[in-house]
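Visitor: Below you'll find the structure I mean.
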Amino acid sequence: MTHTGRHFLQIPGPTNVPERVLLAMAHSTVDHRGPDFAEMSLEVLDRIRPAFRTSGKVVIFPSSGTGAAEAALANTLSPGDRVLVFETGWFSHAPWRTVAERLGLVVDYVPGTWRRGASPEVLEQRLRDDPSQQIKAVIVVHNETSTGVVSRIGELRKTMNRVSHPALLIVDAISSLGSIDVRHDDWEVDVTVCGSQKGLMVPPGLGFNAVSEKALRASRDARIPRSYWDWEEMLKTNTAGFFPYTPATNLLYGLREALRMIEEEGLDNILARHARHGSATRAAANAWGLDVVPEDPQEQSNTLTAVMMPEGHNADRLRQLILDRFDMSLGTGLGKLAGRVFRIGHVGWFNDLMLAGTLSGVEMGLHEAGVPHKSGGIVAALNVLKSGSQREELAPHLQSQSG
Ligand code: PLP
């Protein structure tokens, strides 16, 4: 079928890239060891910090999020170290569990149902059961992109402090940063890991590690072999605006523009916008009579909604029909959720009408695919979008995520 108009890219990342960012990346290639580049990258290295809510260092790699995950582990840990990885969904398994095991770490994979976030109670028990403090790191995916479940990092940190356990806290904020509240300093996260392709509104290709002082100290003794991912060399050259190897120059121009846009809109306003869109999408799913994956309303993601199909109906068939008929991409179900859920991305450079269009495409798709559902999803979502005072209503949700 020939399509006209814009493709709707409603997967939970990579996300839609604003024209301003695309134009900024259309920059002629520069000397990455010259003064113009250094001026630009110093601005980026400075402006990136508020996005992580940190006054500390943020390392930027030319990599995907998986590379940044590997960097977080390789810089802070040694072969044979024990780490706790909470099973939250597909992404806790890959990259985290898989990469950790390949690097020679001993992974305690804390079982989960994929419908709840990492449990502070379970964490407390695991840490109390470790009096000799063999656990060197606790690893949590903040916003599990395969399920739309958000873990309460602030509460997990409080738990670690309450039992005075010295493990590092490593957090995957790949699909939350710049869209759901992430507080690297307040939550005393040791490494916050991110990628450029979701809330930061830049194409894939940049990986981030926000690094605490404690993580920097750990890196001095960490023995997992590392070269490309080494923070020390990176931080040394970054002070003058340079990188130890050729950086992704044009993506960095894009990132600078995206960070300017984030500053103009204001991070709190961006979080509130995502909260409204999350709420409106869940209202639509509820009105359709379809379940969402998260079981606890406190843990529902504002960047994506994973919608469960009625028994006997395949989510990928629905997605294919919506792609063919309406030229809209929705996220596929991953791992054990393959075929059972479709994921609606509402993250990044996005607005009310884009959401209304997205939900209309879903509702028309449900109808055409013969998936049993009630009508009224769009109206329910529009009612949320129309009401001006969502901020107050959603504040507890934001607070719960900040623990
Ligand atoms: N962690 C989370 C939460 C993700 O959403 C993703 C990718 O979507 C990854 C890790 C892996 O990142 P990448 O595919 O950029 O390597």
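Each reported figure results from applying straightforward, stated rules to the coordinates on display, with no laboratory input. Just so it is clear, the model here is predicted, and its values are computed rather than measured. Please note: Cβ atoms are built from the backbone with ideal geometry, for glycine as well, and neighbour counts cover all protein chains shown.
Visitor: Just checking, does the range 162-180 include any residue being over 18 Å from the mean Cα position of the chain (by Cα), more than 10 Å from the ligand (Cβ to nearest atom) and in a helix (DSSP H, G or I)?
Guide: Restricting attention to the range 162-180, the residues satisfying the condition of being over 18 Å from the mean Cα position of the chain (by Cα) are 162-168.
Subset that is more than 10 Å from the ligand (Cβ to nearest atom): 162-168.
Those left that are additionally in a helix (DSSP H, G or I): 162.
Yes, that holds for at least one residue.
Visitor: Return the residues of the range 193-238 that are in contact (Cβ under 8 Å) with a residue 12 or more places away in the chain, away from the ligand (no atom under 16 Å from the Cβ) and in a loop (DSSP other than H, G, I, E, B); say none if nothing qualifies. Let's see the steps before the verdict.
Guide: Of the residues in the range 193-238, the ones in contact (Cβ under 8 Å) with a residue 12 or more places away in the chain are 193-216, 218-219, 221-226, 228-232, 234-235, 238.
Within this subset, residues satisfying the condition of being away from the ligand (no atom under 16 Å from the Cβ) are 211-216, 218-219, 221-226, 230-232, 234-235, 238.
Hits for the range 193-238 are Ser212, Ala222, Arg223, Ile224, Pro225, Arg226, Asp230.
Visitor: Quick one: which strands (runs of 3 or more DSSP E) sit completely within the range 1-115 and have at least 1 residues that are within 30 Å of Gln320 (Cα to Cα) and within 16 Å of the ligand (Cβ to nearest atom)? Lay out the reasoning, then the answer.
Guide: Working: elements: 8-10, 57-62, 82-86, 106-110.
So the answer is 8-10.
Visitor: Taking the range 116-130 only, how many residues are more than 16 Å from the ligand (Cβ to nearest atom) and small (Gly, Ala, Ser)?
Guide: Here the count works out to 1.
Visitor: Now a separate question. Does any residue in the range 50-66 that is within 21 Å of Asp181 (Cβ to Cβ) and touching a residue at least 24 places away in the same chain (Cβ under 8 Å) come within less than 9 Å, Cβ to Cβ, of a residue that is in a helix (DSSP H, G or I) and within 16 Å of the ligand (Cβ to nearest atom) six or more places away or on a different chain, and which pairs are these?
Guide: Here the result reads Val58/Phe52; Gly65/Phe91; Gly65/Pro95, each pair linking the range 50-66 to a residue that is in a helix (DSSP H, G or I) and within 16 Å of the ligand (Cβ to nearest atom).
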